[in-house]
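Peer 1: First the structure, then my questions, so here it is.
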Amino acid sequence: MGMRPGATSSGVLLDQGRRPHLTWRILLAWLGFFGCVLVIGTTVPAATDWLPPVISHTAAGSGVAASALGLVFLLRRHVDRRPWSGIGLALDRTAIPHLLFGITLAAIVATIAAATTVQLGLADWDWSSAATTRMAGHGLAATIVVIATSTLLVQGFPEELVFRGYMFRNLGATLPLWATVVISSLIFGSMHVFSTSGATTVGEHVLYAVASTGFGLVLAICRTVKGTLWLGLGFHGGYDAFIGRFVTVHQGAFIPVWLIVLGVLIAGAALTIAVRQWRAPLAWRAVPGDA
C-alpha cells in the first residue's frame, strides 16, 4: 500500500505527520507545566519578597499563568502545528457566564461535601486553619485576594490550559471521546500524588490522588459538554477556593472525608453527563479530532 502524498514514515520520536508522537507531546506539556510552577513560583516570590504579601503573591500567580500560556502557545504552534482555536480559550459572549456558572457549581459541590462531613461527625463548621492563619496575619480582604489569586492564577488557569486545553485536544486527536476523558483525568490525578494535601501516609496520598482524578473527571466533563475551558476554569477555581475552607476536619478523619468528596465529585460528573445526554447525546466512541 502506498503512502499518502506528503506523509513520511514514522519513527521512535516522530509520527507520520513529522510531529512528536502523542506520548512525547503529553510529556513535554507535563514537564513544561511543572517547570513553570517550580521556576516562576519560586523566583518571583523571592524577587518580590520586599513588597506587601498580597502584591508579591499576585505577581507570582500572574507569572505562573503567563508562563503556562506561553508554554501552550509554543507547543501548539511549533510542536503540534495546529490552530490555537483547538485549545478552547476563545473570548466570546459565553465565556463570562460559563466562568461564573462554574464557580457557582463548585460552591454547591463544596457545600454538599462539607455539610455531609459535618453531619457524619467528621468535621465542624469553622474556617480552615490555613485561612485562619492568613486572616490573623493579613486581614480578611488580603486573605480573599490571596485565595482568589491562588485558585485562579496559580492553579485554575494554568492547569485547565495545560490539561483540559492542550492535553485534552491532543488525546482527542487520536482517541475516542470516552478514552480522552478518562486518560486526561488519570494524568491530572497522578500529578497530585506530589501535592501538599495534608496526607501523612501512603494510603492517604493515594486516596488524595484518586480524589483528584475524580476532580479531573468533572473538569474533563465540563470541557466535553461545553467545548471550551471556561466552565471548567470556573469550577476549578471555585472548587479550590471553597473545598475544605469552611470546615475543620477532625483528627484521623482524612480518609473518610476525602472518600465523601470523591463520591460527591463522581455523582456530579454522572449528573452532568446524564443531563447532557438527555439534551444532546454525545458520541462517546467517536474520535473528536484536532481541527
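The values are calculated or read from the model by the stated rules, or taken from the named source; none is laboratory data. If you're wondering where the values come from, they're calculated on a predicted model, not measured in any experiment. Backbone-built Cβ (ideal geometry, glycine too); neighbour counts: all protein chains shown. To get the accessible areas, we keep the full protein, side chains included, count just its heavy atoms, and leave off ligands, DNA and RNA. Shrake-Rupley method; radii C 1.70, N 1.55, O 1.52, S 1.80 Å.
Peer 1: Can you tell me which residues in the range 210-236 are of a type in the set (S, T, N, Q), part of a helix (DSSP H, G or I) and either closer than 23 Å to Arg279 by Cα or in contact (Cβ under 8 Å) with a residue 60 or more places away in the chain (or both)? Before the answer, list the steps.
Peer 2: Going residue by residue through the range 210-236, those that are of a type in the set (S, T, N, Q) are 212-213, 224, 228.
Retained after the next criterion (residues that are part of a helix (DSSP H, G or I)): 212-213, 224.
Within the range 210-236, just Thr224 meets the criteria.
Peer 1: Name the pairs whose Cβ atoms lie under 9 Å apart, with the first residue in the range 272-291 and open to solvent by less than 70 Å² (accessible area, probe 1.4 Å), the second among the basic types (Lys, Arg), and 6 or more positions between them or separate chains?
Peer 2: Between residues of the range 272-291 that are open to solvent by less than 70 Å² (accessible area, probe 1.4 Å) and residues that are among the basic types (Lys, Arg), the close pairs are Leu282/Arg276; Pro288/Arg169; Asp290/Arg82; Asp290/Arg169.
Peer 1: Let me ask another. Working only within the range 156-203, note down all residues that are free of Cβ contacts under 8 Å to residues at least 60 places away in the same chain and among the small types (Gly, Ala, Ser).
Peer 2: Ala179, Ser184, Ser185, Gly189, Ser190, Ser195, Ser197, Gly198, Ala199, Gly203
Peer 1: Go through Gly86, Gly70, Gly32, Gly63 for me and flag whichever is under 20 Å from His192 (Cβ atoms) and among the small types (Gly, Ala, Ser). Show your work before the answer.
Peer 2: Details: Gly86 fails: under 20 Å from His192 (Cβ atoms); Gly70 fails: under 20 Å from His192 (Cβ atoms); Gly63 fails: under 20 Å from His192 (Cβ atoms).
The match here is Gly32.
Peer 1: Separate question: Considering the range 245-255 alone, what residues qualify as being closer than 18 Å to Thr111 by Cβ and open to solvent by 30 Å² or more (accessible area, probe 1.4 Å)?
Peer 2: Of everything in the range 245-255, those that are closer than 18 Å to Thr111 by Cβ and open to solvent by 30 Å² or more (accessible area, probe 1.4 Å) turn out to be Arg245, Phe246, Thr248, Val249.
Peer 1: Another one. Any chance the range 190-205 includes a residue that's at pLDDT 85 or above, part of a helix (DSSP H, G or I), closer than 18 Å to Arg25 by Cβ and of a type in the set (Asp, Glu)?
Peer 2: There is no residue in the range 190-205 that is at pLDDT 85 or above, part of a helix (DSSP H, G or I), closer than 18 Å to Arg25 by Cβ and of a type in the set (Asp, Glu).
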